[in-house]
Number of protein chains: 6
Amino acid sequence: MSKSKPELAPLLAFGAHPDDIEFGCGGVIAKETRAGRAAHFVICSHGEAASHGTPAKRVAEAKKSAALLGATVEFIELDGDAHLEVRVVHAIKLAGILRRVRPGIVLAPSLVENQHPDHAKLGQLVRDAARLARYGGIKELRRLPPHVIDQLFFYAVTPEAEPPGITPMLMDVSAPGILAAWTAAMEAHGSQVSARQYVELQLTRARLRGLRAGIGHAIALFPNDPPVLDSLAQLGRSARRF
Amino acid sequence: MSKSKPELAPLLAFGAHPDDIEFGCGGVIAKETRAGRAAHFVICSHGEAASHGTPAKRVAEAKKSAALLGATVEFIELDGDAHLEVRVVHAIKLAGILRRVRPGIVLAPSLVENQHPDHAKLGQLVRDAARLARYGGIKELRRLPPHVIDQLFFYAVTPEAEPPGITPMLMDVSAPGILAAWTAAMEAHGSQVSARQYVELQLTRARLRGLRAGIGHAIALFPNDPPVLDSLAQLGRSARRF
Amino acid sequence: MSKSKPELAPLLAFGAHPDDIEFGCGGVIAKETRAGRAAHFVICSHGEAASHGTPAKRVAEAKKSAALLGATVEFIELDGDAHLEVRVVHAIKLAGILRRVRPGIVLAPSLVENQHPDHAKLGQLVRDAARLARYGGIKELRRLPPHVIDQLFFYAVTPEAEPPGITPMLMDVSAPGILAAWTAAMEAHGSQVSARQYVELQLTRARLRGLRAGIGHAIALFPNDPPVLDSLAQLGRSARRF
Amino acid sequence: MSKSKPELAPLLAFGAHPDDIEFGCGGVIAKETRAGRAAHFVICSHGEAASHGTPAKRVAEAKKSAALLGATVEFIELDGDAHLEVRVVHAIKLAGILRRVRPGIVLAPSLVENQHPDHAKLGQLVRDAARLARYGGIKELRRLPPHVIDQLFFYAVTPEAEPPGITPMLMDVSAPGILAAWTAAMEAHGSQVSARQYVELQLTRARLRGLRAGIGHAIALFPNDPPVLDSLAQLGRSARRF
Amino acid sequence: MSKSKPELAPLLAFGAHPDDIEFGCGGVIAKETRAGRAAHFVICSHGEAASHGTPAKRVAEAKKSAALLGATVEFIELDGDAHLEVRVVHAIKLAGILRRVRPGIVLAPSLVENQHPDHAKLGQLVRDAARLARYGGIKELRRLPPHVIDQLFFYAVTPEAEPPGITPMLMDVSAPGILAAWTAAMEAHGSQVSARQYVELQLTRARLRGLRAGIGHAIALFPNDPPVLDSLAQLGRSARRF
Amino acid sequence: MSKSKPELAPLLAFGAHPDDIEFGCGGVIAKETRAGRAAHFVICSHGEAASHGTPAKRVAEAKKSAALLGATVEFIELDGDAHLEVRVVHAIKLAGILRRVRPGIVLAPSLVENQHPDHAKLGQLVRDAARLARYGGIKELRRLPPHVIDQLFFYAVTPEAEPPGITPMLMDVSAPGILAAWTAAMEAHGSQVSARQYVELQLTRARLRGLRAGIGHAIALFPNDPPVLDSLAQLGRSARRF
């Protein structure tokens, strides 16, 4: 992969299951790492509740997939796959990771509740963790200095998880190298994609976004807070071609 | 003012009354023109229904104000102040201006209906005009080639006009020169601001936005369509400091 | 085509342009006509403002396309392509057509305003017409007895036109014959689809809906009013497969 | 009661308290069982926190009421009346019941939070349980094969519990036998309805829905996911008579 | 009726048809006039498009009904029943009435579009008129000094017309005299209520609101702008009894 | 302070941290106590997770601040600062306080989730507690008779915490004595306001509300349930001056 540029604060992505980040926003990761930004994944279960795949196999798939996207990866234990609950102790644990990795950009699954229950709960935990990481008086976190992230974006693992009422930022992932890396990263989760529909779902979503934007493929990220700009030239075109 | 950079497509701002652009987003204009982007104002009445100020005086104030912001200005007649209606003939007229000026960025008053009725109606007309400017077969527009803008943003003349359900883009207007230029441009509308509360309203709004973003002052723009990004580095920090 | 079953009240679909019905919900039409329901299209312009295609050519394309879907078609004049306005006289004209055709199901473009301006305006006119068709005292309509439709559904010509806040009804259009008829009907609009992206846009949308529902392809219709059911067995499965 | 038709997958309704199902959607139950669909109630407390009625009395009332509606009933213990919390262990317990009963249609209290806290929490648990019932790898559930339900509908025990942003499906419960069965089932909860206002509240709600739909009485159900239809003939009329 | 108290600025209610005010909020009118506030109705058509009743009969009914509520009434011509359009000339005409009557409280039909089209359009016209009445420079209005109203409330003629996203103010109309006056006023529209369902619809709505509030009957008004209070003691109880 | 009037049921305000009530709605408290209403604060942590200030210092500050506002104050322990979870045991504890204090008006932090996590969770707990306080059968609460509050209002500690979709009630806090008392109460939290921006944030918010309402300063409260009124004269003017 390309070298990491020190002036770009790292990207930190959280996933509830070994394949969530790749399916939800893998193309964004590929694009950022190829532009020189370091990326790190924190996966909060071993996918042990899925219908297919053993935990060991899924960890191996996730490692291969992260490598294809140019990211490093670690696994943590919260309550286990399909057992996640919103507990402050988890938010503090995630806040500790934020203080350690000190990212600029944080990605988490969206807060829409009508999806896999672990996704929305992890999104809540990450959002709260991003606040707790800033507060100086939390005892459990005192080993590491407070950290303020630049941006928290939510990704949507499925179309149903796209939050209404937030204007998305669309990342252009049309470049052949990016699209290929993303596709390969999804396919690396062989235990999940044998029927192929997961990959088709994501590529169809991205193609539809791309068609609407007049480009090839695009992935939507949903900002938790309004961006602050110094110039309108920072934004590119908008997505309306029909 | 600074020289216009040819690589930045011009900004075109529409106002229903001689002071709407300045009050709603004057600081944004100042920032963009100082960064080298050409700006042009199209004002769609002479403010003749206001409680204070003659049309002639208001035109003079608008010209002075636009100059302070580094923008050029023209006046057009639609239905007159407080008499604007949403007619296709108006949208086509505005589309013709879009084809002539060929802007990258277009600013228009927001579509929220519970404000001065001319504001929301002009916002609708500009939004429709941005589409009509693209269509090749409209007879009245055939003199000029179709034009596709990059971005349409709405500005809110008052807090009530801020549209719910759209994530704003916050422009940092804290630099002393920018804030001074904006304030001067608002005060140039002497017939309207004798009581001063209009200026205080806008500076209070911008200060509140700035406090929330951890900066001095900020102005919100509301995108009509999702932005398409090539890198997350295009966005700065997000606005959440409390 | 299959024979019309008299016990099924006809379907009446309104389009602002010669290809709107086909792109927005052509697969639904094919499905209903093949099930024995008569379908009739009312097209409210000749598409004369489009970048491509003469009115004569577009009328011919629409006739061919309607035939492929098993529907009859008529053209009416309101204000012309890209010139439509919401006038009561138009709503009354459409109400007169409703009284003449006496449909059970009515389809109209959605009311979302951030799309081609003719679409949302026609949607408003049809919705109002469906009420006016019921009122006994409207002079212009007295030649024909009042008519109460069963259901008004909105279709969305583009993804942006899908209304938030309404639960869609998803029509399964996966059967090969249906999908082929729909595709052929879209391609019959040769002046518009030379670049092919219109057809790809619609098939991609329908495939994404289908993937989410665990079927092949699906088209969303948005009810104007809540359906009244006599049994939950009237509804099939719901659309959630991920 | 009428015999159950094997081709209709059973209906499974969850209630937080012994009278919630009856008050929220008892007429729907009567209608479905009389059409030959088996119905089963799972009640998740004994109503021990209510101002009136002992647990023993309330269980007896619920049994009588369920019988009047043609349903079977079972009681389970989660955290107790007014003490329910959203715990994964509860969702898994409910998922186990879903795997055992294998319903087509599932009814649960709505997710609106500004109502009795047990209601919204049970709604969340049921929604999550409907997903967990599908996942093959959840250890606690391995005794029974995964199950995919057809439809999850929410019912609203009070008007305040009706969720905005979901198009309701209105069930016509006007037939005298249905209305009488529903009323009797509500009145079977004698410890709760001595003041009668609970029954009046529900009949007034249903009459208002019915008046709007041009029928006698109607009960609203709120689908969790869009219905998939094979024909528009599956839907009846829509509810708009004023 | 009771004498008008000069310290209470009059109430001015607008209706699109001769019976709208009575059906939508007649109980509120009765309550206010009996408390000593003058009330005046402005009716903007003669109801000539209705299925039943001649204009002359309907005017007579409206006069009788207004008298029963203690209000005066006038008729104006805009575009005619079922023909109303949102034109600035109409808004200015209504603004002139506002300047003449100089009300504190203004009532208008709600802005929800999925109802009789005249209702929402009149609501828009009144809302805009309330602004235009304040502007000093509108030529057509110069005969009368500007006027600032205290409060604009919307009433909903049908349940479908109740606007989401606005917290209603519930007026207690339970007192026997008030309820009787309201009922009589509705029944005075004999040409419309022969089938009785209009009256039943309104009383059912009000009873449902009343049950929820723990009182007899209540009517909801929807404020256009947030109320400003000097003390929380100004508000009574809130409406949540279940 | 002024004497408490026995006819005004007390106000009970809940805060998650020692300064939340003051920052969120201190001016409202000052206004109510000066009008003779007793006010009591329940603070649910000692602020021990903040970046500045020891628990002891913060308790002292809160006591001084409450005294400046004319309120009494008590501290309770739930899960600790930045550790609050939504547990039924907490809601029951708060319900016990409601039964003891027997307030008419209750204030709690808003339910918007994208703020300090303790705020929204406390808001949920208070809302649920207000219901539990009414139920006669909850064992833990049997020592004290049930209590029904008059009104629950939410306050917003930051602008981001203002709930969309609820019409606020604006309290006029412009009187010099009120504004001074509020400012002094905020400044009494010396450990938090050394940088002064917290105070400036709140006064800027209140000034912006005031400007919009045509008064000096105003604080928004968000009702949990619709108010029930006996006369429109109970409400003052509405907030729309631009």
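Since every read-out is calculated from the coordinates, none of them should be taken as a lab result. In this text the structure is predicted, and so the values were computed from the model without any measurement. Cβ sites come from the backbone with ideal geometry, for glycine too, and all protein chains shown count toward neighbours.
Where nothing but the Cβ of Lys and Arg (+1) and of Asp and Glu (-1) is charged, how large is the charge dipole of the range D:153-242 around its Cα centre, in debye to the nearest 20?
Value, rounded to 20: 380 debye.
Per-residue HN-Hα couplings for the range F:225-235, Karplus 6.51 cos²θ - 1.76 cosθ + 1.60 at θ = phi - 60°, whole Hz, x for Gly and Pro?
The phi angles translate into 9, x, x, 10, 10, 9, 7, 5, 5, 5, 8 Hz.
I'd like to know which of C:HIS189, C:ILE178, C:PHE153 lies farthest towards the positive end of the charge dipole of the range C:98-189, counting +1 on Cβ of Lys and Arg and -1 on Cβ of Asp and Glu.
The listed residue farthest towards the positive side: C:PHE153.
Compute a Gaussian network model of chain E, connecting alpha carbons closer than 10 Å, and tell me which residue from E:SER174, E:SER110, E:SER65 fluctuates the most.
E:SER174
Between the range E:10-55 and the range C:51-87, how many Å separate their Cα centres?
44 Å
If you put a point 7 Å past Cα along the Cβ direction, how far is that point for C:LYS64 from the same point in each other copy, in nm, smallest first?
4.9, 6.5, 6.5, 7.3, 8.5
So what J values fall out for the range E:155-162 if you push phi through Karplus, 6.51 cos²θ - 1.76 cosθ + 1.60 with θ = phi - 60°, rounded to Hz, Gly and Pro as x?
Going residue by residue, I get 10, 10, 5, 9, x, 4, 8, 6 Hz, with x marking Gly and Pro.
What order do you get for F:MET171, D:MET186 when you list them from fewest to most C-beta neighbours inside 10 Å?
So the residues, fewest neighbours to most, are D:MET186, F:MET171.
Can you list residues whose amide H is under 5 Å from B:LEU229's amide H, if they're 5+ apart or on another chain and H is modeled 1.01 Å from N?
Amide H to amide H, under 5 Å and 5 or more residues apart or across chains, B:LEU229 pairs with A:LEU170, A:MET171, A:ASP172.
Would you mind computing the Rg to Rh ratio of chain C from its alpha-carbon coordinates, Kirkwood style for Rh?
0.95
How large is the dipole of the range D:103-214 about the Cα centre if only Lys and Arg carry +1 and Asp and Glu carry -1, each at its Cβ, rounded to the nearest 20 debye?
The calculated dipole for the range D:103-214 is roughly 320 debye.
Work out the P(r) tail for the range B:112-212: percent of alpha carbon pairs separated by more than 23 Å, whole number.
Roughly 46 percent, once rounded to a whole number.
Suppose every K and R has +1 on its Cβ and every D and E has -1 on its Cβ; what is the size of the dipole of the range E:46-142 about the Cα centre, in Debye to the nearest 20?
580 debye
With springs only between Cα atoms under 10 Å apart, run a GNM on chain A and tell me which of A:ALA180, A:ALA133, A:ALA66 wobbles the most.
Result: A:ALA180 has the largest fluctuation of those listed.
For chain D, set up a GNM with springs between Cα atoms under 10 Å and report which of D:ARG102, D:ARG207, D:ARG142 has the largest fluctuation.
D:ARG142
Among the aspartates and glutamates, which fall within straight-line cross-link reach of A:LYS139, defined as a Cα-Cα distance under 13 Å, with same-chain neighbours fewer than 8 residues apart omitted?
F:GLU48, F:ASP81
Could you work out [θ]222 nm for the protein assembly as shown from helices alone, using -39500 (n - 2.57) per DSSP H run of at least four and dividing by all its residues? Round to the nearest 500 deg cm²/dmol.
-12000 deg cm²/dmol
Taking the DSSP beta bridges in chain F as the whole, what percent of them are antiparallel, to the nearest 5?
25 percent
For the pair F:SER4/D:ARG100, report the inter-label distance in nm, with labels modelled 7 Å from Cα in the Cβ direction.
Distance between the two pseudo-spin positions: 5.3 nm.
In chain D, which helices (entire DSSP H runs) extend 15 Å or more along their own long axis, judged by Cα positions, while averaging at least 1.0 on the Kyte-Doolittle scale?
Within chain D the helices that satisfy the rule are D:88-101.
Counting Lys +1, Arg +1, Asp -1, Glu -1, what net charge surrounds D:ALA180 among other residues with beta carbon under 13 Å of its beta carbon?
+1
Which chain F residue puts its Cβ closest to the axis that rotates F onto C, and at what distance in whole Å?
So the closest residue, with its distance, comes out as F:GLY165, 6.
For a test of the definition: using alpha carbon positions, the gyration tensor, and the 1.5 limit on a/c, classify the protein assembly as shown as rounded, prolate or oblate.
Rounded.
May I ask for the Kirkwood hydrodynamic radius of the range B:170-216, worked out over all distinct Cα pairs and given in angstroms to one decimal?
For the range B:170-216, the Kirkwood estimate is 11.1 Å.
Distances from B:GLU7 to the same residue in each other copy, label points 7 Å out along Cα→Cβ, in nm, shortest first?
Values, ascending and in nm: 1.5, 7.1, 7.1, 7.1, 7.4.
Can you compute 3J(HN,Hα) from phi for each residue in the range D:111-116, using the Karplus curve 6.51 cos²θ - 1.76 cosθ + 1.60 with θ = phi - 60°, rounded to whole Hz and x for Gly and Pro?
Karplus-based 3J(HN,Hα) across the range D:111-116 equals 8, 4, 7, 7, 8, 3 Hz.
Would you mind ranking A:LEU107, E:LEU235, A:LEU122 so that the residue whose beta carbon has the fewest other beta carbons within 10 Å leads the list?
So the ranking, lowest neighbour count to highest, is E:LEU235, A:LEU107, A:LEU122.
Which of the lysines could a cross-linker span from F:LYS31 if the Cα-Cα distance has to be under 22 Å and same-chain partners fewer than 8 positions apart are dropped?
Counting by Cα, and skipping residues close in sequence, F:LYS31 has these lysines nearby: F:LYS3, F:LYS5, F:LYS63, F:LYS64.
Among DSSP beta bridges whose residues both lie in the protein assembly as shown, state the antiparallel percentage, nearest 5.
Of those bridges, close to 25 percent are antiparallel.
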